[in-house]
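What follows is calculated from the coordinates using simple rules that are stated; it is not laboratory data. Predicted model, so just to flag it, every value in this text is computed and none were measured.
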Ligand code: GLN
């Protein structure tokens with residue numbers, strides 16, 4: 001695959017925490033690997049493209065989160081996501097997006113059905129969890145850093161595994177685990193954007209999306225960036 005399609009879902013609703021930057025990081029990292037990318041911005045009124053390789057959802061406050069859910073439940077959008085998952089496409093969903101792709105969540109004091117793509121439910125907590133978060137990713141096997149800001153607490157069902165073990169911060173709310181993963185579907189509470197703070201995770205998503213392995217980056221600029229990042233982000 002020489003070109004990958006990155007689908008940025010509802011940037012106008014799910015852009016509050018800067019997670020839209022994940023699309024740019026993917027495009028930037030892809031360049032190092034010789035892959036060209038197209039970023040497809042899908043607005044609230046637009047249908048999802050059927051041929052995306054990576055679908056991205058970001059964080060949002062409750063009202064925007066509910067609008068995004070409604071749009072994703074409209075028309076053929078949910079089927080398109082199901083087919084995309086069957087094709088092996090990648091989904092990265094952050095915070096509000098993570099809650100949306102789960103079975104149920106609470107927003108604005110009401111419980112709603114999510115998209116049911118990940119076996120998790122989210123419930124409201126008694127205080128907002130805000131601050132830096134560090135985890136050891138269960139998938140990558142090494143440390144990820146990010147920033148969290150959410151009311152929701154997420155409980156994993158038997159069909160999902162945690163995405164990270166919490167080192168500092170709260171994650172899903174128990175200070176033990178963050179996010180959930182099932183195949184190529186990734187949910188996390190980590191903003192940052194997560195891919196800007198953890199470019200190796202972007203490489204993993206590109207690997208998963210294309211079926212090719214890109215772990216060995218030899219470009220000096222990329223390597224310099226990676227070692228700089230390790231020094232400044234402790
Ligand atoms: N509204 C959700 C919550 O507070 C998600 C917040 C977010 O995306 N940062 O749990």
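In terms of its alpha-carbon gyration tensor, segment 144-186 comes out prolate; a/c meets the 1.5 threshold, and the first ratio a/b outweighs b/c.
Using the C-alpha atoms of segment 33-147, what convex hull volume per residue, in cubic angstrom, is computed?
Details: hull volume 15.8 nm³, N = 115.
Looking at segment 33-147, the number lands at 137 Å³ per residue.
The Rg/Rh ratio for segment 70-201, using Cα coordinates for both the radius of gyration and the Kirkwood hydrodynamic radius, is 0.95. The mean sequence distance of close C-alpha pairs (under 8 Å, at least 6 residues apart), as a share of the length of segment 85-157, puts its relative contact order at 26 percent. For the chain, the alpha carbon positions stretch 50, 39, 31 Å along the principal axes, listed from largest to smallest.
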